Structure formats: structure tokens, C-alpha cells
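These notes concern the structure reproduced below.
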Amino acid sequence: MISAFESFVAFRYLRARKSEGFVSVIAGFSFLGIMLGVATLIIVMSVMNGFRAELVGRILGLNGHLNIYTQGAPLNNYTDLQNKVKNVEGVISAEPVVENQVLVSVNGAAAGAVVRGFSEEYLKRKPLLSTSITEGRAEDFTGDVAAIGIKMAERMNIKLGDTITLLSPQGKAGPFGTIPRTMQYRVAVIFDVGMFEYNSGFVFVPLSSAQRFFGYAPDTVSMLEIMSNDPQKIDGIKNAIALVTQGQAGVYDWRDANASFFNALQVERNVMFLILTLIILVAAFNIISSMIMLVKDKSRDIAIMRTVGALRASMLRIFMLTGASVGIAGTVAGAALGITFALNIEAIRQGLQSLTGTELFSEEIYFLSKLPAQIDWTEVVVVVGMAVVLSILATLYPAWRAAKLDPVEALRYE
């Protein structure tokens with residue numbers, strides 16, 4: 001237990017006199033270093049968590065949790081397979097989808113895109129897409145119409161009701177080579193899902209229209225999109241579906257389709273955690289430096305306290321408490337700063353953009369239209385605990401030197 005005497009002396013040493021100004025400056029830098037290290041670590045981890053959560057949410061909101069397909073060919077006679085898959089436990093829906101690459105041409109401009117065909121009912125059951133419609137209505141998604149993203153509309157100057165031409169490279173053979181398929185669609189829906197890739201490069205059309213455009217029979221599609229009751233726990237469902245398909249088709253899930261992306265995100269997250277932890281470690285070394293200087297400066301005080309009966313253990317606790325107070329105060333301040341910043345990061349970004357006149361978060365580069373942050377309170381506890389432990393460990397050596405100081409030798413050279 002720390003006595004009142006030890007607490008009084010420890011906190012008295014934190015209030016430096018003019019003669020001890022340099023020690024106080026180093027302690028101040030230690031405080032700032034730990035505060036900034038903890039705050040930065042919390043902010044970066046929250047942003048990385050937010051990125052992953054937002055991307056996973058949008059990917060799962062626009063794609064199936066699992067897909068059934070045949071390698072290099074359309075999926076024929078899908079109805080029987082669809083009915084079998086729907087009976088698998090954990091499967092919510094199994095919807096036919098046609099997907100292919102096209103060239104979008106309008107107003108003299110052209111751009112590559114991915115066409116995805118599905119039913120009007122399926123569009124309404126995709127909450128991310130159905131709630132992101134900025135112009136038009138989901139009920140208009142029938143016939144030869146198209147739904148395009150807001151970025152494609154802006155880039156190609158497309159308005160609601162305009163006609164766009166889709167060209168497919170998979171055309172019919174003619175006397176002069178392959179003749180690309182072309183078809184005109186009226187833009188009935190414009191959406192903004194908050195993800196640049198989909199807002200700029202995807203065109204959604206009704207299933208029957210997509211089948212006619214790509215020359216598919218009514219019972220032929222590109223794949224079946226499976227929605228499960230828990231996208232994070234789909235291994236069992238995937239295995240059950242693989243048994244149902246019995247080699248007729250392959251099965252892959254959303255993790256397989258985005259494995260390289262999420263692996264890169266995880267590696268980056270781990271590297272950032274390691275690099276930013278070094279900031280806290282450097283600040284802890286500053287605590288060691290300031291405490292060693294403080295012990296040297298207070299050697300006469302230590303000797304006097306020892307001669308009047310203070311124990312070595314008391315000296316140890318006094319200087320541990322002095323150094324740890326700097327680290328703990330910096331950790332608490334850093335945690336408060338980091339959490340506040342993370343909770344308001346989008347508003348801060350908007351404010352900085354207004355002040356500087358520059359774009360700080362380009363959705364073309366980062367895929368998302370807003371800077372996300374999601375605080376993981378377990379990670380916050382780990383970061384705070386790590387900073388406190390490093391701060392306490394940094395005080396051990398200087399406190400040990402103070403405790404073993406010989407009062408006779410210290411007073412002899414004064």
C-alpha cells in the first residue's frame with residue numbers, strides 16, 4: 001500500500017521548481033508522447049475497423065453470401081437446383097442472377113461496366129440497394145429499364161428517363177466476324193450505395209431483359225445468389241449446399257470472392273498497430289530518462305529521507321508513483337482524445353476540407369463516400385492497458401536506483 005507520505009512526496013516531485021525545469025520539460029514530452037500515441041492508435045484502429053465493417057456491409061448488401069455457378073458456362077435448368085438449395089437449413093433465399101461485362105454508350109461517351117440482372121422482387125429485398133434509390137422507384141424496375149449509380153450518371157451526364165445503349169462483346173457470328181449484341185435501356189432508377197465501385201461501374205436490369213440481351217434461355221442464368229441467416233458463419237451452409245449440388249456446380253462465398261482484399265486490409269491493420277505502438281514505447285523511454293534525471297537531482301532529498309527512517313521500499317514506491325502518474329495521465333488523456341476524434345471523424349474531415357479546400361478522402365481511391373470509424377471497446381482496453389503497463393515498467397529501473405542509493409555517499413558529495 002502507498003502511504004500518505006509517499007503520495008505527498010511523489011506528487012510534490014511532479015511540480016518542478018525553476019531549477020528542475022529541464023526535468024519537467026522531458027516529463028511533459030513523455031506525457032504528450034504517450035497521449036498522442038494512445039490517441040493515434042485508437043483512431044487508426046477505429047478507422048480500420050470502420051473500413052472493414054462498411055465494406056463488408058456494402059458487399060453483402062449488394063451480393064449474395066454464397067454463389068452457385070458452373071465454371072466457364074451459364075447455369076442451365078437452374079429451377080430444380082434452386083428448389084433443392086432453398087431447403088438447406090440456414091438458407092433464406094436463392095435467386096437467379098445474370099451477370100456479364102458490357103460497354104455503356106450514351107451522349108457520345110462510352111465506359112465499361114458490369115451488368116447484373118435480377119428480379120424486381122429481389123431488388124426490393126436488397127435493403128442497401130432499395131433504400132439507396134435517389135431518383136425513380138423500385139416499382140419501375142420492370143421491362144427494358146436500367147438502374148445506374150449516381151457517379152455513372154454524373155460522369156456520363158445521364159438523367160432519369162434517358163436512354164442508354166449496352167454493347168456486349170459476346171455477340172453473334174456474322175460474315176465479317178462477331179457482331180456485338182446491342183440493346184437500349186431506359187434509365188428508371190438512379191442509386192447511391194455509398195461505394196464508388198458500384199456507383200460508377202454497375203448497371204442493374206430486370207432478369208428477363210438480361211436473359212434476352214445475352215441470349216440466355218428462360219431457364220438459364222449466370223449463377224444463383226444465396227442469402228443465409230448469418231454471413232459470418234456460412235461454412236456449414238456452404239458444405240450442405242456442396243452436397244446438394246453433387247458436382248453439378250461450384251460454390252463460393254463472399255470471403256472467397258474478396259479474400260485478397262480483406263487479407264491486405266488485415267495485414268495493413270496489423271502493421272499500423274505495430275508502428276504506432278512504437279510511439280508509445282518511445283514515450284516510455286522518455287519517462288525513463290526524466291526519472292533518472294529526477295533521481296539524480298533529488299539524491300540529497302533521498303538521503304535525508306533515508307536517514308530519518310524512510311525505507312528503501314518507500315523510495316521505490318515514491319519514484320514509481322511519480323513516473324507512472326505521467327504515463328497514466330497521458331494514457332487517460334490520449335484515450336479521451338482518441339475516442340472523441342473517432343466518434344466525430346467525418347465531421348472533422350468535412351471541417352478540414354472546408355478550411356484547406358482540398359479533398360482529404362477521395363471515394364475513387366478509398367471506395368467509400370464517407371470516412372468510417374467503428375470503435376472496438378476491447379481494443380481500446382487493450383491499448384490503454386498496454387500503455388499503462390509500459391509506463392509502469394519504465395519507472396522500475398529509476399525507482400530501483402533511488403531505492404539503492406546510499407545516503408552516506410549521497411550526503412558526502414553534497
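Going by what's in this entry, would residue 31 be described as in a helix (DSSP H, G or I), within 30 Å of residue 298 (Cβ to Cβ) and modelled with pLDDT under 80? If you could, list the steps in order and put the result at the bottom.
Values: in a helix (DSSP H, G or I): yes; within 30 Å of residue 298 (Cβ to Cβ): yes; modelled with pLDDT under 80: no.
Judged against the criteria, residue 31 is not a match.
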Looking across the stretch 146-168 at residues that are on the phi < 0 side of the Ramachandran plot and over 34 Å from the mean Cα position of the chain (by Cα), the single one that is surrounded by the fewest Cβ atoms within 10 Å (Cβ to Cβ) is 163
Those residues of the stretch 126-139 which are surrounded by fewer than 16 Cβ atoms within 10 Å (Cβ to Cβ) and either among the hydroxyl-bearing types (Ser, Thr, Tyr) or assigned to a helix (DSSP H, G or I) (or both) amount to 127, 131, 134, 139
Residue 294: passes all of (1) closer than 30 Å to residue 43 by Cβ; (2) surrounded by 15 or more Cβ atoms within 10 Å (Cβ to Cβ); (3) in contact (Cβ under 8 Å) with a residue 24 or more places away in the chain but (1)
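Suppose the filter is among the small types (Gly, Ala, Ser), part of a helix (DSSP H, G or I) and in contact with a Gly (Cβ under 8 Å, 6 or more places away or on another chain); does residue 264 pass it?
Numbers: among the small types (Gly, Ala, Ser): yes; part of a helix (DSSP H, G or I): yes; in contact with a Gly (Cβ under 8 Å, 6 or more places away or on another chain): no.
Considered against the rule, which asks whether it is among the small types (Gly, Ala, Ser), part of a helix (DSSP H, G or I) and in contact with a Gly (Cβ under 8 Å, 6 or more places away or on another chain), residue 264 comes out as no.
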Expected single match for in contact (Cβ under 8 Å) with a residue 12 or more places away in the chain, out of contact with any Phe, Trp or Tyr (no Cβ under 6 Å at 6 or more places or on another chain) and within 25 Å of residue 38 (Cβ to Cβ) among 280, 302, 241 is 280
Residue 143 passes all but one of the listed conditions (1) exposed (fewer than 15 other Cβ atoms within 10 Å of the Cβ); (2) modelled with pLDDT of 85 or more; (3) within 35 Å of the chain's Cα centre (by Cα); the exception is number (3)
Scanning the stretch 255-276 residue by residue, those of a type in the set (Phe, Trp, Tyr) and at pLDDT 80 or above turn out to be 273
Return yes when residue 184 is at pLDDT 90 or above, touching a Leu at 6+ places or on another chain (Cβ under 9 Å) and farther than 14 Å from residue 113 by Cα and no when it is not.
yes
Considering the stretch 305-344, residues that are crowded, with 23+ Cβ neighbours inside 10 Å and of a type in the set (Ser, Thr, Tyr), and then whichever is nearest to residue 38 (Cα to Cα), we arrive at 331
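Looking only at the stretch 73-124, filter to residues that are assigned to a loop (DSSP other than H, G, I, E, B) and either in contact with an Asp or Glu (Cβ under 6 Å, 6 or more places away or on another chain) or acidic (Asp, Glu) (or both); which one of those is nearest to residue 244 (Cα to Cα)? Break it down stepwise before answering.
Residues of the stretch 73-124 that are assigned to a loop (DSSP other than H, G, I, E, B), as a first pass: 74, 77, 87-90, 107-108, 119.
Keeping just the survivors that are either in contact with an Asp or Glu (Cβ under 6 Å, 6 or more places away or on another chain) or acidic (Asp, Glu) (or both) gives 77, 89.
Working: 77: 15, 89: 12 Å.
Here the answer is 89.
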query: In this structure, is residue 239 of a type in the set (S, T, N, Q), part of a helix (DSSP H, G or I) and buried (at least 16 other Cβ atoms within 10 Å of the Cβ)?
result: no
Item checked: Flag for residue 379 being surrounded by fewer than 17 Cβ atoms within 10 Å (Cβ to Cβ), part of a helix (DSSP H, G or I), at pLDDT below 75 and of a type in the set (D, E, K, R) -> no
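Tell me yes or no: at least one residue of the stretch 62-85 is among the aliphatic types (A, V, I, L, M), under 30 Å from residue 334 (Cβ atoms) and at pLDDT below 85.
Going residue by residue through the stretch 62-85, those that are among the aliphatic types (A, V, I, L, M) are 62, 66, 68, 73, 75, 81, 85.
If we keep only those that are under 30 Å from residue 334 (Cβ atoms) too, we end up with none.
Checked against the condition, which is being among the aliphatic types (A, V, I, L, M), under 30 Å from residue 334 (Cβ atoms) and at pLDDT below 85, the stretch 62-85 yields no hits at all.
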Taking the stretch 208-236 and keeping only residues that are part of a strand (DSSP E or B) and acidic (Asp, Glu), one is left with 225
Of the residues in the stretch 98-142, those that are of a type in the set (Lys, Arg) and within 15 Å of residue 199 (Cα to Cα) come to 116
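The values are calculated or read from the model by the stated rules, or taken from the named source; none is laboratory data. In this text, all values refer to a predicted model and were calculated from it rather than measured experimentally. Neighbour counts are summed over all protein chains in view; Cβ atoms, including those assigned to glycine, are modelled from backbone coordinates with ideal geometry.
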